[in-house]
Structure formats: C-alpha cells, structure tokens
Amino acid sequence: MNLKGQENHFITFEKGGEMTKRYRNQITPEGIIGGYISSDAMLALLNQEGCVGFRYFYGLNDNNNMELIFVGVDSDGNDIIDSDKLCIDNAAVCPPRCSNNNILNS
C-alpha cells in the first residue's frame, strides 16, 4: 500500500458539522455521539515502531452503543497487532461527557 503517514485527511468544520448532524438525526436520543481519547494514549499508539497512522473499527460496547477501536497501521497498510502492541478504546463517551455546544455536537 505504501503509506507515508503524511496523507491529507482534513475537512472543514462545516463539513464535519453536516456529517455529525446526519448521524445525530438517525440515532436514539440516548445514543453516543462522540468520545474522548487522551493525547497520551493516542501518541503512544502512533509512536509504536513502524506506525505511520491508525485505523479505526466500529464496535459495540457492553450497552450496545457504537464506539471506535483504534489500532496502529504500518506503511504497508497492515494493522499493527501483537501481544506487546496497543489497541485503544475506553473513550469517555458523549453523552454524558461532552464539550460545550458546537457545530459538531449540537
């Protein structure tokens, strides 16, 4: 795949706002709309040897709410998975732990 870790994935907040609004409009009122992952956890994932980025997977938590699972990815596009490697979830979910109202969450 030959990934460099410098691919451009930026969008505008307006585009992100449109996308998150469509998502919020199709879930139940108590559904999860986002989550927080610490910079320490994400940097530890990205700083693994050979890691050029991360991939996310959708998963269901114990309450059957969707969450994201993050794993490092190497330059060949393969997930970096081994007993001594990192996988991230356990996000502080929103709601209830949300930001002030903004274009992405309200």
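Spot the failing condition for SER106; the list is (1) within 23 Å of GLU30 (Cβ to Cβ); (2) part of a loop (DSSP other than H, G, I, E, B); (3) open to solvent by 90 Å² or more (accessible area, probe 1.4 Å); (4) not hydrophobic (A, V, I, L, M, F, W, C), and only one is missed.
(3)
When you look at ILE32, is it β-branched (Val, Ile, Thr), in contact (Cβ under 8 Å) with a residue 12 or more places away in the chain and not in a strand (DSSP E or B), yes or no?
Working: β-branched (Val, Ile, Thr): yes; in contact (Cβ under 8 Å) with a residue 12 or more places away in the chain: yes; not in a strand (DSSP E or B): yes.
Spelling it out, ILE32 is indeed β-branched (Val, Ile, Thr), in contact (Cβ under 8 Å) with a residue 12 or more places away in the chain and not in a strand (DSSP E or B).
Report the residue count in the range 35-51 for those that are touching an Asp or Glu at 6+ places or on another chain (Cβ under 8 Å) and over 25 Å from MET66 (Cβ atoms).
Looking only at that region, the number is 1.
Could you tell me how many of the residues in the range 57-76 are touching a strand residue (DSSP E or B) at 6+ places or on another chain (Cβ under 7 Å) and open to solvent by 90 Å² or more (accessible area, probe 1.4 Å)?
Number of matching residues: 3.
What tally of residues in the range 79-102 results from selecting those that are open to solvent by less than 80 Å² (accessible area, probe 1.4 Å) and either farther than 19 Å from HIS9 by Cα or not in a strand (DSSP E or B) (or both)?
Adding up the residues that qualify gives 13.
ASN61 versus (1) over 28 Å from GLN26 (Cα atoms); (2) more than 14 Å from the chain's Cα centre (by Cα): which is the lone unmet condition?
(1)
Can you report the number of residues in the range 48-75 which are part of a loop (DSSP other than H, G, I, E, B) and in contact with a Gly (Cβ under 9 Å, 6 or more places away or on another chain)?
Residues in the range 48-75 being part of a loop (DSSP other than H, G, I, E, B) and in contact with a Gly (Cβ under 9 Å, 6 or more places away or on another chain): 7 in total.
I'm checking my understanding of the structure. Among residues of the range 23-56 that are more than 25 Å from ASN8 (Cβ to Cβ) and surrounded by fewer than 10 Cβ atoms within 10 Å (Cβ to Cβ), which one is modelled with the lowest pLDDT?
Among those residues, the one meeting the criterion is GLU30.
The values are calculated or read from the model by the stated rules, or taken from the named source; none is laboratory data. Here the structure is a predicted model, which means the values were calculated and not measured. As a convention, Cβ positions derive from the backbone with ideal geometry for all residues, glycine included, and neighbour counts pool all protein chains shown. In case anyone asks, the SASA skips ligands and DNA or RNA and just uses the protein heavy atoms, side chains included. Shrake-Rupley method; radii C 1.70, N 1.55, O 1.52, S 1.80 Å.
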